[in-house]
Every structure is written in C-alpha cells, then in structure tokens.
Amino acid sequence: MDYQRKYEKSENKNIKKISIIKYIICVIIIPTVIFIGTKLFDGKKYAFLTAVVVLLSCVPFIISFEKGKNSTEKMVILAVMIALSVFGRYCFSMIPHFKPITAITVITGIYMGGEMGFLCGALAAVLSNFIFGQGPWTPFQMLAWGMTGLIAGLLSRYLKKYMVALAAYGAVSGIIYSMIMDIWSAMWQDGVFNIKRYVACIISGIPTTATYIVSNIIFLLILARPVGRKLERVKLKADIIEKD
Amino acid sequence: MNDKMKIFNTYHPLGLFIYFASAIVITMFMINPVMLTIAIISGIAFVLTLTDIRTFLKNLAYEIPFFILIALTNPLFSHNGVTPLFFLNGNAVTLEAVLYGLDMGIMILGVIYWCKCYSIIVDSEKFIYLFGKAIPKLSLVLSMALKFVPVFKRQYRKISDAQKCFGYYATDSYFDKIRNALRVFSCLITWSLESSIDTSVAMKAKGYGLKGRTHFHNFRFHIRDLFLIAVTLFMDIVVFTGIGTDIIDFRFYPKITQINLNAESIAVYGAFIILMFMPAFLEIKEKIKWKYYVERI
C-alpha cells in the first residue's frame, strides 16, 4: 500500500515535470533557435533551420510518451499500427502514392487518442524511410502525418459518428499533407521561401495530391469502422483505460 | 553485395552518426561551388563503394532529370543578378540565376547521395542503439514495429493463399485485386491486434519495465572510433571557421564573386576533402587489402 502511494506520488511529479519541459521547448527553445538561426544565416539557407524547428516541435509528444504512464499493451498496439501502416505501403505499392499510412494514423488517432495518433504517424514516417530512404524531408513527414493523427484524436467524437465527416477529414488531411511537404520542396531548392515557387510546387503536385485524397477517402471509408471495432475490442480485452 | 562486408559499417554508431551529421549539414550549408563539387564527387565515390554500379546507373536515370529540373526552374523564379541573357515575358533570365540553379542542383544531389549512404550504413539497429537511452520506450516500439513488418508480410501471404483456395477474387481484374488486398489486409489487422496482446502479456511476464534490466547490443567502442570522431570534429572546426570568417565566402547575387584561392581557403578545401573522402578511402583501402591477401593464398 505504501509502495503504491509512493509510486503514484512519483507519477504525479513526473507528469508535472513533463508539462514544464513541454513549455520550455515551446516558449524558450524554439524561439531561441529561430532567433539564432536567422542571425546566423541572415536571409538564406532557411531550409535547415525549418527542418530543425519542425523536429523540435515533435519533441514534446515524444517526451510525454516517454515519461507518461503507458501500459505495455498500449506500446505493443502502437507498434502494430505503425507496422501495419508501413506494411500497407507494400500491399498497395502497385499504385503509386496510393498508401494507407494516413488512414491508419487517423484511425489510431480516433480510437486510441490524439497522442497515440501523433506517434503512429511520426514513427511510421521514420520507419518507412528506413526502407524508402531517410533525408532532410523526414522531420516534415513526421510532423505532417503526426498532426493528422493528433487532429483526428481531437475530432474523434465527430469522426466516429459521421461517415461524411470522416471522408471530408480524409480529403483535408491529404491536402494539408501535400501542402506541408510542398513547403519543404519549395524551400529545399534555394533555402528561402519563395511564394511563387511554392505555388508552382502545389500546382505541379495536384495529381499526387488527388491520389492522396482519393486513397485517404477510400481507405478511411473501408477500414475505419471494422478496424475501429477491432481496436475497441482489443482495448476492452486488454483493459486499456484512457485518461484524457 | 553484403552491407556487412563494409569496413565503415563496423564502426561504432556514435562515430558514424557524428560523421554523417557533419557531412550532410556542411553540404546543406554550402554555396561555394568548389566545396559542393568536393561533396558530390565524394558522395558518388562513397555510394559506388557501397552499392554496385548497376543500381547507381539505374538511380542516375531519375536523378539527372531532377537535377535539370532544379537547374532550369531557378531562373524562372529568381530574377536577381546583373547579367541578363535574354528576356522571357518581360522578365530577365540572368546568368547568375542560371548558375545558382546549377549550384543548388549539385547541392541537392550531393545531399541525396550522402543521405543514401547514411541509410545504408546507419541502419535501424544502429539508430535504435543510438536513441535507445534517450527514448527507451519509443525505440522499443520502433524495434517491435520493425520486427512486425516481415512477420506481417509472411502472414499476409498465408491469408492471401488461404483466400485464394476458397476461390475468392481469383480473377485478374484490377478491381478484384484491390478488393482482395483490402480483405486480406483487414484479416491481417485482426490477427495482428490479437497476437499483440499475447506479446504484451509475454513482455509483462518477462519483467518488462522493472528496474535493473539490461539490453543486448553488439557494438563496441574501439580506438579507431575515437580516431574517427576526433578527425571528424577537427575537420568540422576547420570548415566552420572557414564559413564563419568568410574565407570561403562565395556569392552569386548580385554579381558572381571570384573563387577564393589563397592559402587559407585551400587549407579549408583540404580539410573538407579529408573529411568527405575518408569513408571512400577506407573502403578502397580495405578492398585492396582483401585482394592482396587473397592473392597471397
């Protein structure tokens, strides 16, 4: 009993520590990096700076998963969802850009909470790039996929109920994903953000974006309900209680 | 060819990570064409020692159009510079912008080659070892997910074969293929979620999360790793001093400046050559050694 109380106390302390670290990163570290970076590179080569800031903005989620209370079941389910989204790229590799990573990230976000959704998307990006090639674009993919999972978690009440909302979210997440990635492709060429070049990137990427939208909607409509049922069942079976 | 046969692969992950981080970051920051030429030639040399020439040429078919695209589109978006070549829709296409586009194309190709080498050398095992101490839970999740991918592949084939035996979707039509893939995928999800619970029960039974557990890894820190890190950091200091003090400064806009070729800048170029050609040199040295020993037998 005594041990239990001690454990809970240290847990609470841990949670407090996490929120302090999160605030430090958001309020102090990121602005400092931006300030020093703009001074250092004065007006050119912002691409690297952007990649660093993007990577830093993923760190709070990683820290809160590391230090937070997480059961083994949750970890294993997260691993399964990541592996499924990476593997999905194989199953559907016959059609270019037609991949279920976004859909599975969204489903994880809806049924397992926003944090798990973020981690599923971000880690799926890291992992699939071990196969498809790491590069400076990895942090951008991490953030883009992670955010789709996080927002899905926040909107889970509506996305669970209405199929229309789900399809709309799939379309929007496809557009947002390619817009975030186009920021990178536009900046990567000469290091500064040129709005004309960005627009050109978006326009030339329309076919890809359309494929993303179609694949997201198809996968979400087909997979969301059955996979959701399976996740709910496993959650019940493994006794995972969500505290949000 | 086996990746495990490469000498650079046997170095300690820490040294490798520092090395690749500095090589890629320095290449990303460069504008100076001499430095970029060094970066791309060394990157190609390193890629060639790691992969066979056929894959290299096959990838080149994608990379050259990409390079041309970057080089050609830059003058369309950027009208800086003082030497107009011709006018397009009332906007000047300048010599500076064309050359800057070429320069950026070389930079991007260099970074792509170095990232390719990074992907080959620093594989997931090394990555997880490196970050295992900082993010123990997530690196466990990553390594579990890595293990699940081939397991799922096998299971997918099993389910798919079973479904075909039932006679489901055995036709060659495109639509049926997609429906089959989705159906098998759904079965796979059920199976994997169920078996994941078994995994977590087994993990708990074996005491995951208790204090005092250690992890197995096969990396050892040798003197040569220390040597690699020391050389890398020293060359980094030299190159960053060169960048900071404008010794190797080079500008395209508004007018192309002269390439510095005094003693100091040549020292910086030399340091960069040593840094970037180190892995290719080590691989070639090993290859010659191997050939020599084979001939002696």
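The values are calculated or read from the model by the stated rules, or taken from the named source; none is laboratory data. Small disclaimer: the values here were computed from a predicted structure and weren't measured. When we count neighbours, we look across all protein chains shown, and the Cβ atoms used for this are built from the backbone with ideal geometry, even at glycine. Calculation scope for accessible area: heavy atoms of the full protein, side chains included, ligands and nucleic acids excluded. Shrake-Rupley method; radii C 1.70, N 1.55, O 1.52, S 1.80 Å.
What the table below lists for this structure:
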| read-out | value |
| --- | --- |
| Unmet criterion (only one of (1) open to solvent by less than 80 Å² (accessible area, probe 1.4 Å); (2) outside any loop (DSSP other than H, G, I, E, B)) for B:PHE219 | (2) |
| Single unsatisfied condition, B:TYR100 versus (1) among the aromatic types (Phe, Trp, Tyr); (2) closer than 30 Å to B:LEU210 by Cβ; (3) within 11 Å of chain A (Cβ to nearest Cβ); (4) touching a residue at least 40 places away in the same chain (Cβ under 8 Å) | (2) |
| Of the criteria (1) part of a helix (DSSP H, G or I); (2) open to solvent by 60 Å² or more (accessible area, probe 1.4 Å); (3) not hydrophobic (A, V, I, L, M, F, W, C), which one B:THR171 fails | (1) |
| Selection within the stretch A:197-207 - in contact with a helix residue (DSSP H, G or I) (Cβ under 8 Å, 6 or more places away or on another chain) and open to solvent by 40 Å² or more (accessible area, probe 1.4 Å) | A:ILE202 |
| All positions within the stretch B:174-199 that are facing another protein chain (nearest Cβ under 7 Å) and open to solvent by less than 50 Å² (accessible area, probe 1.4 Å) | B:ALA181, B:LEU182, B:PHE185, B:SER186, B:ILE189, B:SER192, B:LEU193, B:SER196, B:ILE197, B:THR199 |
| Filter result for the condition that a residue is within 14 Å of another protein chain (Cβ to nearest Cβ), surrounded by 18 or more Cβ atoms within 10 Å (Cβ to Cβ) and out of contact with any Ser or Thr (no Cβ under 6 Å at 6 or more places or on another chain), over A:SER156, A:SER128 | A:SER128 |
| Index of the failed condition, A:ALA165 passing every other in (1) of a type in the set (Gly, Ala, Ser); (2) touching a Phe, Trp or Tyr at 6+ places or on another chain (Cβ under 6 Å); (3) crowded, with 20+ Cβ neighbours inside 10 Å | (3) |
| Qualifying position, being open to solvent by less than 30 Å² (accessible area, probe 1.4 Å) and in contact with a His (Cβ under 8 Å, 6 or more places away or on another chain), among B:GLY207, B:GLY132 | B:GLY132 |
| Residue satisfying condition, being surrounded by 15 or more Cβ atoms within 10 Å (Cβ to Cβ) and farther than 28 Å from B:GLU125 by Cα, within set B:ILE41, B:ILE18, B:ILE7 | B:ILE41 |
| Hits in the stretch B:138-166 - residues which are more than 10 Å from chain A (Cβ to nearest Cβ) and open to solvent by 50 Å² or more (accessible area, probe 1.4 Å) | B:ARG154, B:ARG157, B:LYS158, B:ASP161, B:LYS164, B:CYS165, B:PHE166 |
| Every pair of residues 6+ apart whose Cβ atoms lie under 8 Å, when the first sits in the stretch B:46-59 and is under 13 Å from B:ILE120 (Cα atoms) while the second is open to solvent by 50 Å² or more (accessible area, probe 1.4 Å) and modelled with pLDDT of 85 or more | B:VAL47/B:LYS116; B:THR49/B:ILE284; B:THR49/B:LYS287 |
| Residue count for the stretch B:68-95, restricted to those that are away from chain A (no Cβ under 12 Å) and outside any loop (DSSP other than H, G, I, E, B) | 10 |
| Hey, B:VAL111 more than 10 Å from chain A (Cβ to nearest Cβ) and part of a helix (DSSP H, G or I) or not | no |
| So A:ILE176, is it open to solvent by 40 Å² or more (accessible area, probe 1.4 Å), within 14 Å of chain B (Cβ to nearest Cβ), hydrophobic (A, V, I, L, M, F, W, C) and without any contact (Cβ under 8 Å) to a residue 40 or more places away in the chain | no |
| Flag for A:LEU236 being open to solvent by 20 Å² or more (accessible area, probe 1.4 Å), within 14 Å of another protein chain (Cβ to nearest Cβ), within 26 Å of A:SER64 (Cβ to Cβ) and free of Cβ contacts under 8 Å to residues at least 60 places away in the same chain | yes |
| Qualifying residue in the stretch B:80-98 (condition: touching a His at 6+ places or on another chain (Cβ under 8 Å) and under 30 Å from A:THR72 (Cβ atoms)) | no |
| Tally of residues being free of Cβ contacts under 8 Å to residues at least 60 places away in the same chain and surrounded by 14 or more Cβ atoms within 10 Å (Cβ to Cβ) across the stretch B:279-297 | 1 |
| Within the stretch A:72-98, tally of residues that are closer than 19 Å to A:GLN141 by Cβ and either surrounded by fewer than 24 Cβ atoms within 10 Å (Cβ to Cβ) or touching an Asp or Glu at 6+ places or on another chain (Cβ under 8 Å) (or both) | 7 |
| Test set (1) in contact with a Lys or Arg (Cβ under 9 Å, 6 or more places away or on another chain); (2) outside any helix (DSSP H, G or I) - A:PHE193 fails condition number | (1) |
| The stretch A:76-122, subset of a type in the set (Gly, Ala, Ser) and in a loop (DSSP other than H, G, I, E, B), residue farthest from the other protein chains (Cβ to nearest Cβ) | A:GLY113 |
| Output for the stretch B:260-273, where each listed residue is within 21 Å of B:TYR100 (Cβ to Cβ) and open to solvent by 70 Å² or more (accessible area, probe 1.4 Å) | B:LEU261 |
